[in-house]
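Participant: I am attaching a structure below and will ask some questions about it afterwards.
The values are calculated or read from the model by the stated rules, or taken from the named source; none is laboratory data. All values reported here derive from a predicted model rather than from experimental measurement. When we count neighbours, we look across all protein chains shown, and the Cβ atoms used for this are built from the backbone with ideal geometry, even at glycine.
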Amino acid sequence: MSSDLNYTRIHKWNDVIEHFVLHRYKQSLWDYVTSLRGADIKVDNDNAVKALVTGFIRGIDSVAIVVDITTCYSYICSYHKQHLKNALDELLSSDQFSHFKAHARLGLNALASYYSDKNEKKLASLIVKMSTSLGTYNSEYLNALEEFFEEVKT
Amino acid sequence: MRDWMDVVKYFVECGCDVEIYDFVTALRGIDTEFPTPFFDVDVLKDPEYPDIRTIFKLLTTAVLRGTTMYAYGIQDTIRLLQSIDTEKKIKELEDILRFGFSLCPHFYKHFLHALYALESYYRQIGESPLADIVSKMILALENKNLEKYIDNLEYYLIEWRKWVQRQENEQEEDENEF
C-alpha cells in the first residue's frame, strides 16, 4: 500500500536524530526524542493515535518498530476521515493524553525544523499545521497529514 | 554520561540505532496521571515534590537524563534520595514505583530497555563499574525487587557523582597542561 510513496523525501527517525546531534540542536533533539514513544495510556482506539501521531513522527523505521509512518499511511488509506477524526477527538480531548499531546506537538515542531533545514519548505509548513491543530482541530490535522502524503507520492 | 545527549551522541557515532531508540523512548516521563488521593505519604510533605508522578519520574526517567537544566534530572533524584531519612519513606518510594509500573506496563517496558541501552553505553566506553550497577538495577526491576532497585540506584548515584568529578578533574588537568 505504501509503495506509491517517495521514500527519499520522507524522514527516518534516526536521520532526524543524527541531524540534530551533528548541528548541536539540543532543544530540537530533546523535543523530538521525547515524542518518539507512543502514549502510555491504554484505551480502546489508542492504536489510531499511535499510528496517526507517533507513527508519523517516527517516519520510516529501520529497526523493526511495529508502528511507523507506513502504518500511519495505511490508516489514512483504509479508514474514512470522519472515523479517524472521531478517534482523535475522543482520545486527545481526554486529560489523560495531555502530557503525550504536549510532547507530540513539540516533536512535530522539531520535525518541521528538520524538513525546513532539508529545504522541504512545503512539507515543513504542513507539519507545523499538524502541530498547531493536533488535539483541537483534528480534521485540520488529518487534512495536513493527507496533504503531506499527496506531496510525497511518486 | 553527564547528560542524555552524551549517550545519544555516542550511539549516533557508532550507528547503534536499536540502542538509540531504546534509550530515547524512555526520556519522556510517564504520561499517566496518578490518582492523587491514592497516596498519603510523608515524602509528599516536602514542598520540593509536588506529586507522586514527579517522584516516580525522579526514580526512573530523571536517572537516564543525567544533569538537565530544563527538566527534572539526576540532580533532583540525588536531592530526593538525600531527603529520605526514615525507613517509612523508603517503603513509600517502593510503593510509588510498584504502583507506577503496574499502572503503566508500557512505560515499564521502555524504561527497562533504556537501562539496557545505558548499561551497553557504559560497557562500550569502558566504564564497567557503572555498567555493573545499572545491570543490578535491571535485575532488581525484572525480579520486581524494588528495595534492591532503590539500593542500587543510590549506589549508582554515588558512583555517578564520583565519575563526573573525575571527568571534571581530568578536564581541568588537561586545561592546565595546555
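Participant: Quick one: is B:C104 closer than 20 Å to A:T34 by Cβ and more than 9 Å from chain A (Cβ to nearest Cβ)?
Facilitator: Answer is no for this residue.
Participant: A follow-up question, please. Using the structure shown, decide if B:I133 is more than 30 Å from B:P35 (Cβ to Cβ), under 13 Å from the mean Cα position of the chain (by Cα) and assigned to a helix (DSSP H, G or I).
Facilitator: Against the criterion (more than 30 Å from B:P35 (Cβ to Cβ), under 13 Å from the mean Cα position of the chain (by Cα) and assigned to a helix (DSSP H, G or I)), B:I133 qualifies.
Participant: Quick check on the stretch B:128-138. Is at least one of its residues in contact with a helix residue (DSSP H, G or I) (Cβ under 9 Å, 6 or more places away or on another chain) and polar (S, T, N, Q)?
Facilitator: yes
Participant: Starting from residues that are assigned to a helix (DSSP H, G or I) and surrounded by fewer than 24 Cβ atoms within 10 Å (Cβ to Cβ), keep the ones in the stretch A:1-14 and report whichever is farthest from the other protein chains (Cβ to nearest Cβ). Give the derivation first.
Facilitator: Quick first cut of the stretch A:1-14, residues assigned to a helix (DSSP H, G or I) only: A:2-4, A:7-9, A:13-14.
Next, only the ones that are surrounded by fewer than 24 Cβ atoms within 10 Å (Cβ to Cβ) stay: A:2-4, A:7-9, A:14.
On the way: A:S2: 20, A:S3: 23, A:D4: 26, A:Y7: 17, A:T8: 19, A:R9: 21, A:N14: 5 Å.
Only one residue tops the list, namely A:D4.
Participant: Of (1) facing chain A (nearest Cβ under 9 Å); (2) assigned to a loop (DSSP other than H, G, I, E, B), B:Y72 satisfies all except one. Which?
Facilitator: The number of the failed condition is (1).
Participant: Next up: What are the residues in the stretch A:98-131 that are surrounded by fewer than 18 Cβ atoms within 10 Å (Cβ to Cβ), part of a helix (DSSP H, G or I) and free of Cβ contacts under 8 Å to residues at least 12 places away in the same chain, if any?
Facilitator: Selection gives A:S98, A:A102, A:S116, A:K121.
Participant: Moving on to the next point. Within the stretch B:81-102, how many residues turn out to be among the hydrophobic types (A, V, I, L, M, F, W, C) and surrounded by fewer than 20 Cβ atoms within 10 Å (Cβ to Cβ)?
Facilitator: Adding up the residues that qualify gives 4.
Participant: For the stretch A:73-104, enumerate the residues that are of a type in the set (G, A, S) and either more than 17 Å from A:A144 (Cα to Cα) or away from chain B (no Cβ under 14 Å) (or both).
Facilitator: Scanning the stretch A:73-104 gives A:S74, A:S78, A:A87, A:S93, A:S94, A:S98, A:A102.
Participant: Which residue pairs have Cβ atoms closer than 8 Å, lie 6 or more positions apart in sequence or on different chains, and pair a first residue in the stretch A:38-60 that is free of Cβ contacts under 8 Å to residues at least 40 places away in the same chain with a second residue that is acidic (D, E) and crowded, with 23+ Cβ neighbours inside 10 Å?
Facilitator: A:G55/A:D68
Participant: Another question, then. Checking A:T71 against (1) in contact with a helix residue (DSSP H, G or I) (Cβ under 8 Å, 6 or more places away or on another chain); (2) over 22 Å from A:S139 (Cβ atoms), which test does it fail?
Facilitator: Among (1) in contact with a helix residue (DSSP H, G or I) (Cβ under 8 Å, 6 or more places away or on another chain); (2) over 22 Å from A:S139 (Cβ atoms), A:T71 violates only (2).
Participant: Here is a follow-up. Does the stretch B:116-134 contain at least one residue that is at pLDDT below 95 and under 19 Å from B:L27 (Cβ atoms)?
Facilitator: no
Participant: With the stretch A:15-97 as the region, which helices (runs of 4 or more DSSP H) entirely inside it contain at least 2 residues that are at pLDDT 95 or above, within 15 Å of the chain's Cα centre (by Cα) and crowded, with 18+ Cβ neighbours inside 10 Å?
Facilitator: A:26-33, A:69-78
Participant: Here are A:Y7, A:Y115: which of them is out of contact with any helix residue (DSSP H, G or I) (no Cβ under 6 Å at 6 or more places or on another chain) and on the phi < 0 side of the Ramachandran plot?
Facilitator: Being out of contact with any helix residue (DSSP H, G or I) (no Cβ under 6 Å at 6 or more places or on another chain) and on the phi < 0 side of the Ramachandran plot holds for just one of A:Y7, A:Y115, which is A:Y7.
Participant: Do you know which residues across the stretch B:86-128 are more than 26 Å from B:E33 (Cα to Cα) and assigned to a loop (DSSP other than H, G, I, E, B)?
Facilitator: Hits for the stretch B:86-128 are B:T86, B:I125, B:G126, B:E127.
Participant: While we're looking at this one, here's another question. Which numbered condition in (1) surrounded by fewer than 22 Cβ atoms within 10 Å (Cβ to Cβ); (2) more than 14 Å from chain A (Cβ to nearest Cβ) is the only one that B:I55 fails?
Facilitator: Checking B:I55 against (1) surrounded by fewer than 22 Cβ atoms within 10 Å (Cβ to Cβ); (2) more than 14 Å from chain A (Cβ to nearest Cβ), the one that fails is (1).
Participant: Whether any residue in the stretch B:23-36 is crowded, with 24+ Cβ neighbours inside 10 Å, at pLDDT 95 or above and in a helix (DSSP H, G or I) is what I want to check.
Facilitator: Yes, the stretch B:23-36 contains a residue that is crowded, with 24+ Cβ neighbours inside 10 Å, at pLDDT 95 or above and in a helix (DSSP H, G or I).
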